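Comments concern the structure below.
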Amino acid sequence: ITTEPTRALLDDFDAAGGAGKPRMGQMPVSYDTDRDAALARAHEQFRWALGGWRLNAELPLPPGFVQASEHTRPEDVAKSIPCGDDVDAVLEAAGRYAEAGFTDLALVQIGGDQQTPFIRWAETTLLPALRDL
């Protein structure tokens with residue numbers, strides 16, 4: 001399982017005995033019908049993710065995550081995390097995992113207050129579009 005849609009990670013996985021096994025990607029989404037609210041929530045709760053796992057694995061305590069992400073702007077987050085209810089933005093981000101060779105993708109909704117609306121939107125709108133992808 002990885003959070004980066006990088007083919008090289010899958011090549012390393014194969015070389016280490018993973019050939020033929022599922023390749024799981026994990027992708028954050030910040031769903032909200034108000035894109036600005038979704039972006040603000042993603043920036044507040046997930047901006048640390050933009051540093052990647054190499055950096056995050058080395059940070060020992062929460063203050064390290066704060067310091068490592070203190071210069072991350074909302075527009076930086078918007079480039080990496082689909083925010084709002086734009087299906088095409090999620091499909092584009094998900095497509096990068098498919099192109100890299102991932103077999104499965106887990107979506108992580110940012111923000112507990114939007115879990116139920118996200119699940120409803122995913123069921124009626126997002127998942128049918130992903131299946132068509």
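Remarks
- Residue count for the range 8-43, restricted to those that are closer than 17 Å to A106 by Cα, out of contact with any strand residue (DSSP E or B) (no Cβ under 8 Å at 6 or more places or on another chain) and open to solvent by 70 Å² or more (accessible area, probe 1.4 Å): 1
- Contacts under 9 angstrom Cβ, first residue in the range 1-29 being closer than 18 Å to P82 by Cα, partner open to solvent by 70 Å² or more (accessible area, probe 1.4 Å) and aromatic (F, W, Y), 6 or more apart: T2/F13; T2/W53; T3/W53; E4/W53
- Filtering the range 80-101 to residues that are of a type outside the set (A, V, I, L, M, F, W, C), part of a helix (DSSP H, G or I) and farther than 18 Å from Q26 by Cβ leaves only D88.
- Selection of the range 87-119 for residues being over 18 Å from R131 (Cβ atoms) and in contact with a helix residue (DSSP H, G or I) (Cβ under 9 Å, 6 or more places away or on another chain) yields A100, G101, V108, Q109, I110, G111, D113, Q114.
- Residue, nearest to T33 (Cα to Cα), within the range 86-99, restricted to residues that are touching a strand residue (DSSP E or B) at 6+ places or on another chain (Cβ under 8 Å) and either open to solvent by less than 30 Å² (accessible area, probe 1.4 Å) or polar (S, T, N, Q) (or both): V90
- Subset of the range 50-85 that is within 15 Å of the chain's Cα centre (by Cα) and open to solvent by 80 Å² or more (accessible area, probe 1.4 Å) - its residue that is modelled with the lowest pLDDT: W53
- Tally, over the range 106-127, of residues that are touching a residue at least 12 places away in the same chain (Cβ under 8 Å) and either of a type in the set (K, R) or assigned to a helix (DSSP H, G or I) (or both): 7
- For the range 68-113, the tally of residues that are within 24 Å of L9 (Cβ to Cβ) and of a type in the set (D, E, K, R) stands at 6.
The values are calculated or read from the model by the stated rules, or taken from the named source; none is laboratory data. Note that the structure is a prediction, hence the values are computed from the model and not measured. Using ideal geometry, Cβ is built from the backbone for each residue, glycine included, and neighbour counts are taken over all protein chains shown. Protein only, heavy atoms only, side chains kept; ligands, DNA and RNA dropped before computing areas. Shrake-Rupley method; radii C 1.70, N 1.55, O 1.52, S 1.80 Å.
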